Amino acid sequence: MGGISVIGATHVAVGSMALAGGAAVLAMRKGTVAHRYVGRMYAVAIVAINTTALSIYDLTGRPNVFHAIAAVNLATLAMGLMALRRWRRTQNPHDLVTHQRRMAMNYVGLWMAFVTELLVNPMMGLSSLGDPGSHWPLMIALNIALFLIGGWLVRTRLVQTGVPA
């Protein structure tokens, strides 16, 4: 990884772990020991990737939109984990559904960040194809599409329950 900092390399490594772990958790039977173990590893990877994201200032030299996105991603993770904790205490199915939806949307957010990284990071090669500023409309359009498609999949395919969204 020539030219990448230790923080950048860590960011890529834990991001890759989170992408793989999130896919595994979504594919697993829920509530199993394996689901809990991989889910914990996913949560740790999400905390690590957002911690590294919050310490990277290469793009602008100061906090920017990506730092705000990292904070939102951490908040989504916290909401998903708090809903699980409530469910363990109350056994209210709404809390379990909230956990599933928040964690799934956290994963959608991870994919949104990954696509954005591909488009704006010069080390990925795409932004060097022209003016990096010209990638913003494409980035915004792709992220809106990912958010809408991901949200639709979460609402219609992931959780089959009578609990309203």
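Tell me, what is the FRET efficiency for residue 16 and residue 89 to the nearest 0.05, using R0 = 45 angstrom and their Cβ-Cβ distance as r?
Rounded to the nearest 0.05, the efficiency is 0.85.
I need the phi-derived Karplus couplings for segment 61-77: 6.51 cos²θ - 1.76 cosθ + 1.60, θ = phi - 60°, integer Hz, Gly and Pro marked x.
x, 8, x, 9, 4, 5, 5, 5, 5, 4, 5, 5, 4, 5, 5, 4, 4
Taking 0.36 nm per residue of sequence separation and subtracting the Cα-Cα distance, how much length would be gained by fully extending the chain between residue 115 and residue 47, in nm to one decimal? Can you show the working numbers first?
Numbers: separation 68, 0.36 × 68 = 24.48 nm, distance 1.90 nm.
Full extension from residue 115 to residue 47 adds 22.6 nm.
Take the Cβ-Cβ distance between residue 144 and residue 75 as r, set R0 to 25 Å, and report the resulting FRET efficiency rounded to the nearest 0.05.
0.80
Rolling a 1.4 angstrom probe over the protein chains, ignoring ligands and nucleic acids, what is the accessible area of residue 5 in square angstrom, nearest 10?
Residue 5 exposes around 60 Å² with every protein chain in place.
In sequence order, what are the phi-derived ³J(HN,Hα) couplings for segment 142-151 according to the Karplus relation 6.51 cos²θ - 1.76 cosθ + 1.60 with θ = phi - 60°, rounded to whole Hz, with x for glycine and proline?
Running phi through 6.51 cos²θ - 1.76 cosθ + 1.60 with θ = phi - 60° gives 5, 5, 4, 4, 4, 5, 5, 5, x, x Hz.
The values are calculated or read from the model by the stated rules, or taken from the named source; none is laboratory data. Model, not experiment: these values are computed from the prediction. Cβ atoms come from the backbone with ideal geometry, glycine included; neighbour counts cover every protein chain shown. Ligands, DNA and RNA are excluded from the accessible area calculation, which covers all protein heavy atoms including side chains. Shrake-Rupley method; radii C 1.70, N 1.55, O 1.52, S 1.80 Å.
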